[in-house]
Amino acid sequence: MHTQLDWSDVTTIREALLRASSFLREKGTKDPLFEAELMIRHCLDWDRTRFLMAMTDSIDIETLVKLDGLCVRRANNEPLQYMFGEQEFYGRPFTVRPGVLIPRPETEILVEQVMAAATKLWSESEELAVVDIGTGSGAICITLALEKTQWRVTTVDLSPDATAIARENASRLGADVRFLQGDLVQPLLEAGEKVDILVSNPPYIPSRDVEELDDEVRVHEPRLALDGGEDGLDCYRRLCEALPSLLKERAVVALEVGIYQAGDVAALMKASGVMDEVEIVPDLAGIERVVIGVRR
Ligand SMILES: C[S@@+](CC[C@H](N)C(=O)[O-])C[C@H]1O[C@@H](n2cnc3c(N)ncnc32)[C@H](O)[C@@H]1O
């Protein structure tokens, strides 16, 4: 067999684990043993218990060839989520591939904040018009559509790849979402549509900082999902400028923000002149993560 690593003396799961993890360690992977375990379990479709009980079991050549391929991709800093094709968000599996941002756990806070703010303004049965700007994998819009089945959820992305993958996720997870391809809120403004809730996790990394990101993010995740312009605030500026034309009389706006951006984004939201209250919410690490505005 033609492989990158030498597997010739590897016969058991344990030996494969040690060979893969020492290769990953040499290549600078931060948690080589755990990642090697995840790769073996992925190749064999095993849960952790099955894996731990099988240390002395023999491993077949086909699995070693698959494992070899994964090790080589990981040594090239490809994210595990792209290699495995999946990332969990809000307890559900989302398909991810290069071309779409891997959903992050902190974005779950954005989703929770939107739902919590809605319960303060509307009754549970209200059929709200909700828009998620910057679809990505569909993590936000699909989760909201599944958690609040009475809401009419629309999402917009400029990227055809993201829109295609999010459509796949919606049908895989059984979510009813309307997908639009376009520039931020432009498709809604053109159609003269107004919304009760606007939610977005837009690209927010200042352009010069994109070059400083780890290879795992910079090389493999789409630049369109990361680069927020010179100061990282381009999308927030444009979204907040559109609020007066876009929001209904009573509305919620919830935006995820990058580190040190919450104050600026809150100021942009207030400057729109249509929000009655603007609040900043930290994530579990205490980083200001969501700016949420309410129009009563
Ligand atoms: C940070 S990602 C968020 C993806 C997803 N909502 C999530 O939270 O995982 C930002 C998304 O915005 C999209 N995007 C960037 N610029 C855009 C624009 N001008 N109009 C519409 N979508 C845009 C990107 O393609 C990307 O999918």
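Summary table
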{"item": "Every residue from region 211-253 that is closer than 27 Å to K120 by Cα, aliphatic (A, V, I, L, M) and more than 12 Å from the ligand (Cβ to nearest atom)", "result": "L243, L246, L247, A251, V252, V253"}
{"item": "Test: residue in region 100-113 that is surrounded by 16 or more Cβ atoms within 10 Å (Cβ to Cβ), of a type in the set (A, V, I, L, M), at pLDDT 95 or above and away from the ligand (no atom under 16 Å from the Cβ)", "result": "no"}
{"item": "Subset of region 247-268 that is closer than 17 Å to V131 by Cα and crowded, with 21+ Cβ neighbours inside 10 Å - its residue that is nearest to the chain's Cα centre (by Cα)", "result": "E256"}
{"item": "Test result for S171, more than 29 Å from N76 (Cβ to Cβ), within 9 Å of the ligand (Cβ to nearest atom) and assigned by TED's automatic domain parsing to the domain that holds G91", "result": "no"}
{"item": "Meets criteria (away from the ligand (no atom under 14 Å from the Cβ), assigned by TED's automatic domain parsing to the domain that holds C240 and closer than 19 Å to V195 by Cα) for L146", "result": "yes"}
{"item": "Extreme residue, nearest to L188 (Cα to Cα), among residues of region 121-137 that are away from the ligand (no atom under 16 Å from the Cβ) and under 24 Å from the mean Cα position of the chain (by Cα)", "result": "A129"}
{"item": "Cross-chain or 6+ apart pairs with Cβ under 9 Å, region 100-117 first and β-branched (V, I, T), then near the ligand (Cβ under 7 Å from one of its atoms) and in a helix (DSSP H, G or I)", "result": "V100/A162; V100/A225; T107/A139; T107/I140; V111/A139; V111/I140; V114/I140"}
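Per-residue answers, yes or no, for (1) surrounded by 13 or more Cβ atoms within 10 Å (Cβ to Cβ); (2) in contact (Cβ under 8 Å) with a residue 12 or more places away in the chain; (3) out of contact with any helix residue (DSSP H, G or I) (no Cβ under 9 Å at 6 or more places or on another chain); (4) among the aromatic types (F, W, Y):
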position	(1), (2), (3), (4)
I13	yes, yes, no, no
S21	yes, yes, no, no
L24	yes, yes, no, no
E35	yes, yes, no, no
I40	yes, yes, no, no
C43	yes, yes, no, no
W46	yes, no, no, yes
M55	no, yes, no, no
S58	no, yes, no, no
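The values are calculated or read from the model by the stated rules, or taken from the named source; none is laboratory data. All of these numbers come straight from a predicted model, not from anything done at the bench. Methodologically, a virtual Cβ is constructed for each residue, glycine included, from the backbone with ideal geometry; neighbour enumeration extends over all protein chains shown.
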